[in-house]
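The values are calculated or read from the model by the stated rules, or taken from the named source; none is laboratory data. If you're wondering where the values come from, they're calculated on a predicted model, not measured in any experiment. With ideal geometry, Cβ positions are generated from the backbone for all residues, glycine too; neighbour counts draw on all protein chains shown. Heads up: the accessible areas ignore ligands, DNA and RNA and are worked out on the full protein's heavy atoms, side chains in. Shrake-Rupley method; radii C 1.70, N 1.55, O 1.52, S 1.80 Å.
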Amino acid sequence: MRYLLSVPPFTDPSVVVDLARTAEASGWDGFFLWDHLVYSPPVTHLADPWVAMAAIAAATSRVRIGALVTPTPRRRIHKLARETVTLDRLSEGRLVLGVGVGGDAHGEFAPFGEEADMRERARQLDTDLERLMALWGGEFQPVPVQQPRIPVWVAARWPNRRPVRRALRWDGIFPIDLPGPEALAELVAEVRAERDDAFEVVVDEPGGRDFTEWEAAGATWCLTGFGKDPREAEVREAIEAGP
C-alpha cells in the first residue's frame, strides 16, 4: 500500500511547492494536484497545476507527482505530450498522468468554447489517449524516461462500467464515489479477471480515516484529499502527520 495526497492548488504556487517538499520529508509516496481552469465560490484563485508540477519535480526527488485528473478533451493533445515528457524527464520518471472526461459543475467547458457533452468528451478521451501513445512512442523526441510509457490512471465514477473498461486498457483506475470497501472489492474482482499484471487501484478517503479495509479490498494507493476550500494550516497539519 502506498499513500498519496491530492491537493487543490488554491493558494500561492510557492506554498504548493513547499507543501510538496514537506510531504516528501514526511513519508508520503505521492503528491498530486487538482486540475481546474476555474472553480466555484468562494474559491477565486487557482495556480496552474502543470506549471506548479515543474517546480515540484525540481524541488523533490522521491514522491510520485501528477494531476488527478486532467480532462484531455480541453487540452491540445500534442501540447500535453510535450508537457508530460518534459515533466517525466525533469522528475527522473516520477510522473503519473491521471485522466478523465471532466465535469462541468464549475463551468470549465462550454463557457470557454469546449465540448459540453460528456459522451462526446468520453469519445475524445479515447482518441486523445491513442494519439498520445503515438507521440510518446517516438513521433516526438525525446521519449519519456518511463517505459513502455508514463503510467496512465483513468478516473471512473461508480457504478458506471464504461470508464472501468477504458481504465483496463491502461495502468490504473481512480474510482470516484465508491460507497465503501465492499464496492471496491467488487470492482477489484472485475479488474483482476481481466488483468493479472501490475494495475494500480486508487481510493479516495478523507484525511484521518483508517485505510485498512480499503487495502484488504484491493487498493494499492490510498489518497488523502481535502475539502473544496481548505485552509493552508489544515493541509500542512495533515501532511506533517504523515501517511
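Of the residues A58, A105, A81, only one is open to solvent by 60 Å² or more (accessible area, probe 1.4 Å), over 26 Å from A23 (Cα atoms) and either touching a residue at least 60 places away in the same chain (Cβ under 8 Å) or touching a helix residue (DSSP H, G or I) at 6+ places or on another chain (Cβ under 8 Å) (or both); which? Before you say what the answer is, go through the steps one by one.
Values: A58 fails: over 26 Å from A23 (Cα atoms); A81 fails: open to solvent by 60 Å² or more (accessible area, probe 1.4 Å).
Sole residue among the options that is open to solvent by 60 Å² or more (accessible area, probe 1.4 Å), over 26 Å from A23 (Cα atoms) and either touching a residue at least 60 places away in the same chain (Cβ under 8 Å) or touching a helix residue (DSSP H, G or I) at 6+ places or on another chain (Cβ under 8 Å) (or both): A105.
Restricting to segment 193-202, name every residue that is under 20 Å from the mean Cα position of the chain (by Cα) and outside any strand (DSSP E or B). I'd like the intermediate steps shown before the answer.
Step one: filter segment 193-202 for residues under 20 Å from the mean Cα position of the chain (by Cα), giving 198-202.
Of everything in segment 193-202, those that are under 20 Å from the mean Cα position of the chain (by Cα) and outside any strand (DSSP E or B) turn out to be A198, F199.
Results for (1) surrounded by 15 or more Cβ atoms within 10 Å (Cβ to Cβ); (2) over 30 Å from S40 (Cα atoms), shown as yes or no for each residue.
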| position | (1), (2) |
| --- | --- |
| E194 | no, yes |
| F199 | yes, yes |
| E213 | yes, yes |
| G225 | yes, no |
| A233 | no, no |
| I239 | yes, no |
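Among the residues in segment 135-142, are any outside any helix (DSSP H, G or I), over 18 Å from R76 (Cα atoms) and modelled with pLDDT of 95 or more? Lay out the reasoning, then the answer.
Here is the first cut: in segment 135-142, the residues outside any helix (DSSP H, G or I) are 140-142.
Still in the list and also over 18 Å from R76 (Cα atoms): 142.
Subset that is modelled with pLDDT of 95 or more: 142.
Within segment 135-142 (the criterion being outside any helix (DSSP H, G or I), over 18 Å from R76 (Cα atoms) and modelled with pLDDT of 95 or more), the answer is yes, since at least one residue qualifies.
For segment 37-46, name all the residues that are within 15 Å of F226 (Cβ to Cβ) and either touching a Phe, Trp or Tyr at 6+ places or on another chain (Cβ under 9 Å) or at pLDDT 95 or above (or both). Steps first, answer last, please.
Step one: list which residues in segment 37-46 are within 15 Å of F226 (Cβ to Cβ), which gives 39, 42-43, 46.
Within segment 37-46, Y39, V43, L46 qualify.
Condition check: open to solvent by less than 50 Å² (accessible area, probe 1.4 Å), at pLDDT 95 or above, hydroxyl-bearing (S, T, Y) and within 16 Å of the chain's Cα centre (by Cα). Does T70 satisfy that?
Values: open to solvent by less than 50 Å² (accessible area, probe 1.4 Å): yes; at pLDDT 95 or above: yes; hydroxyl-bearing (S, T, Y): yes; within 16 Å of the chain's Cα centre (by Cα): yes.
Here the answer is yes, as T70 does meet what is asked.
Among the residues of segment 169-178, are any surrounded by 12 or more Cβ atoms within 10 Å (Cβ to Cβ), within 29 Å of G137 (Cα to Cα) and over 16 Å from the mean Cα position of the chain (by Cα)?
Filtering segment 169-178 for residues surrounded by 12 or more Cβ atoms within 10 Å (Cβ to Cβ) gives 169-176, 178.
Cutting the leftovers down to within 29 Å of G137 (Cα to Cα) gives us 169-175.
Still in the list and also over 16 Å from the mean Cα position of the chain (by Cα): 169.
Within segment 169-178 (the criterion being surrounded by 12 or more Cβ atoms within 10 Å (Cβ to Cβ), within 29 Å of G137 (Cα to Cα) and over 16 Å from the mean Cα position of the chain (by Cα)), the answer is yes, since at least one residue qualifies.
Select from segment 226-242 the residues that are in a loop (DSSP other than H, G, I, E, B) and more than 18 Å from the chain's Cα centre (by Cα) and list them in ascending order.
Residues of segment 226-242 in a loop (DSSP other than H, G, I, E, B): 226-231, 242.
Across segment 226-242, the qualifying residues are D229, P230, R231, G242.
Can E130 be described as without any contact (Cβ under 8 Å) to a residue 12 or more places away in the chain, at negative phi, under 19 Å from the mean Cα position of the chain (by Cα) and open to solvent by 60 Å² or more (accessible area, probe 1.4 Å)? Talk me through it step by step, then tell me what you get.
On the way: without any contact (Cβ under 8 Å) to a residue 12 or more places away in the chain: yes; at negative phi: yes; under 19 Å from the mean Cα position of the chain (by Cα): yes; open to solvent by 60 Å² or more (accessible area, probe 1.4 Å): yes.
Yes: the conditions hold for E130.
Here is a list: E215, E114, E190, E205. Which entry is assigned to a strand (DSSP E or B) and of a type outside the set (A, V, I, L, M)? Spell out the reasoning first.
Working: E215 fails: assigned to a strand (DSSP E or B); E114 fails: assigned to a strand (DSSP E or B); E190 fails: assigned to a strand (DSSP E or B).
Checking each option against the conditions leaves just E205.
Mind listing just one residue for me: the one in segment 56-87 that is out of contact with any Phe, Trp or Tyr (no Cβ under 9 Å at 6 or more places or on another chain) and of a type in the set (D, E, K, R) and, of those, nearest to D29 (Cα to Cα)?
Our first condition is that a residue be out of contact with any Phe, Trp or Tyr (no Cβ under 9 Å at 6 or more places or on another chain); within segment 56-87, this holds for 57-59, 61-62, 72, 75-77, 79, 86.
Remaining after also requiring of a type in the set (D, E, K, R): 62, 75-76, 79.
Details: R62: 8, R75: 27, R76: 29, K79: 27 Å.
My answer is R62.
Just to be sure before I move on: is W170 assigned to a loop (DSSP other than H, G, I, E, B) and touching a residue at least 40 places away in the same chain (Cβ under 8 Å) in the structure I sent?
Working: assigned to a loop (DSSP other than H, G, I, E, B): yes; touching a residue at least 40 places away in the same chain (Cβ under 8 Å): yes.
Criteria met by W170.
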